[in-house]
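Right, one structure below, let's go through it.
The values are calculated or read from the model by the stated rules, or taken from the named source; none is laboratory data. Nothing here was measured: the structure is a model prediction, and the numbers come from that model. All Cβ positions, even for glycine, are placed from backbone atoms using ideal geometry, and neighbour counts span all protein chains on display.
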Amino acid sequence: MSQHELPSLPYDYDALEPHISEQVVTWHHDTHHQSYVDGLNSAEETLAGNRETGDHASTAGALGDVTHNGCGHYLHTMFWEHMSPDGGGEPSGALADRIAADFGSYENWRAEFEVAAGAASGWALLVYDPVAKQLRNVAVDNHDEGALWGSHPILALDVWEHSYYYDYGPDRGSFVDAFFEVVDWDPIAANYDDVVSLFE
Ligand SMILES: [Fe+2]
C-alpha cells in the first residue's frame, strides 16, 4: 500500500504575508496538515493489519480515522493550491459565468460563501453538485460533517481556528477578507472545468 505524503507548498512560507503570516502557514502546513497525512497512513495500516488477522476490534475507529484524516488531507491540499501571492480579484471565464448563473452574481455568491465561512466549524466550500448540476456553497464542520454526497469541492477555505487565530484572533471575518486577497482563481477554474467535463 502506498503511503500518503505531505505535499510541498506551491510557494514560500512567507509568501502570503501580510495576509497570512509565515508563522501560521508553517504551523498549519508542517504540523496540522502533516498530522492528517500521518493519521490517514496510520488508519490504513490498522485496517490492512486487521484484514490479515481477522481481529476487527480497532476497525470501526480506524474507518472513522480514514474519513476524518483523509478529508483533512485532501481539503488542506486544495486549500494551499487555492492561494497565491499573485492572487486576488474575481474569477473569469466559464467559472465566472456559472457563478453568475447559479447565484445571480459574483457578489451574491460571495455574500453567501462568507456566511458559510462564518457558520462552519471547519470549512467553507464551493462545490459542484452533479445531481442537480449546479454550484453550491457548503458549510462543513470538522472535515467531513455536512458534506453533500456526490458533490465535488471546487474551492476550499479552511476556517478552523488554527487557520487564523494567531493572525486575527476571534475576528474570523478579517481572515476571510484576507483569503480573498490571495485567492488564486486559476486552479479553482481548472477544478470547475475538470468536474463539469465529467457530468455535463
Ligand atoms: Fe487546517
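I'd like the residue in segment 47-83 that is acidic (Asp, Glu) and in contact with a Gly (Cβ under 9 Å, 6 or more places away or on another chain) and, out of all such residues, is farthest from PRO187 (Cα to Cα).
Out of the qualifying residues, it is ASP55.
Residues checked against (1) touching a residue at least 60 places away in the same chain (Cβ under 8 Å); (2) in the same structural domain as TYR164 (by TED's automatic domain parsing); (3) over 25 Å from ASN137 (Cα atoms):
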position: LEU16; (1), (2), (3): yes, no, no
position: TRP27; (1), (2), (3): yes, no, yes
position: SER35; (1), (2), (3): no, no, yes
position: ASP55; (1), (2), (3): no, no, yes
position: LEU63; (1), (2), (3): no, no, yes
position: ALA100; (1), (2), (3): no, yes, no
Has segment 150-164 got any residue that is modelled with pLDDT under 95 and under 27 Å from THR67 (Cβ atoms)?
yes
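Applying the selection to segment 129-153, what residues are part of a strand (DSSP E or B) and not β-branched (Val, Ile, Thr)? Reasoning before the result, please.
Step one: filter segment 129-153 for residues part of a strand (DSSP E or B), giving 129, 134-141, 145, 152-153.
ASP129, GLN134, LEU135, ARG136, ASN137, ALA139, ASP141, GLU145, HIS152, PRO153, listed by residue number.
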Quick one: MET83 ticks every box in (1) more than 16 Å from the ligand (Cβ to nearest atom); (2) buried (at least 19 other Cβ atoms within 10 Å of the Cβ) except a single one, so which number is it?
(1)
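Does GLU90 meet the test of being touching a residue at least 12 places away in the same chain (Cβ under 8 Å), at negative phi and among the charged types (D, E, K, R)?
Yes: the conditions hold for GLU90.
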Within segment 25-77, residues touching a Leu at 6+ places or on another chain (Cβ under 9 Å), of a type in the set (A, V, I, L, M) and within 16 Å of the ligand (Cβ to nearest atom) come out as VAL25, VAL37, LEU75
